[in-house]
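S.K.: Please read through the structure below; I'll follow up with questions.
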Amino acid sequence: MDVQRIAIDAVVALTDCDRDAIAAFIRRLYLAGVKDPKRLTFKGLQAMARG
């Protein structure tokens, strides 16, 4: 859970987007097998940039 929390905190701090939306997206990535916090953060930032 620490990996997800780190990624969620980073994306929220950088984008000021909705925490629940970020958490749901990152949780899906984590369950799909992405375990690296840097990768989760990057993917989260990409998703928020796309809208």
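The values are calculated or read from the model by the stated rules, or taken from the named source; none is laboratory data. This structure is a prediction, so every number in the text was calculated from the model and none was measured. Cβ sites come from the backbone with ideal geometry, for glycine too, and all protein chains shown count toward neighbours. Ligands, DNA and RNA are excluded from the accessible area calculation, which covers all protein heavy atoms including side chains. Shrake-Rupley method; radii C 1.70, N 1.55, O 1.52, S 1.80 Å.
S.K.: Could you list, ordered by first residue, the pairs with Cβ atoms under 8 Å in which the first is in the stretch 23-51 and of a type outside the set (S, T, N, Q) and the second is in a loop (DSSP other than H, G, I, E, B), at least 6 apart or interchain?
M.R.: Pairs that qualify, where the first residue is of a type outside the set (S, T, N, Q) and the partner is in a loop (DSSP other than H, G, I, E, B), are 40/34; 43/34; 48/17.
S.K.: Which of the numbered conditions does residue 27 fail, given that it passes all the others? Conditions: (1) within 8 Å of the chain's Cα centre (by Cα); (2) buried (at least 17 other Cβ atoms within 10 Å of the Cβ).
M.R.: Answer for residue 27: the failing condition is (2).
S.K.: Turning to a different aspect of this structure: If we keep just the residues of the stretch 1-18 that are free of Cβ contacts under 8 Å to residues at least 12 places away in the same chain and under 9 Å from the mean Cα position of the chain (by Cα), which is least open to solvent (accessible area, probe 1.4 Å)?
M.R.: Checked the stretch 1-18; the qualifying residue least open to solvent (accessible area, probe 1.4 Å) is 12.
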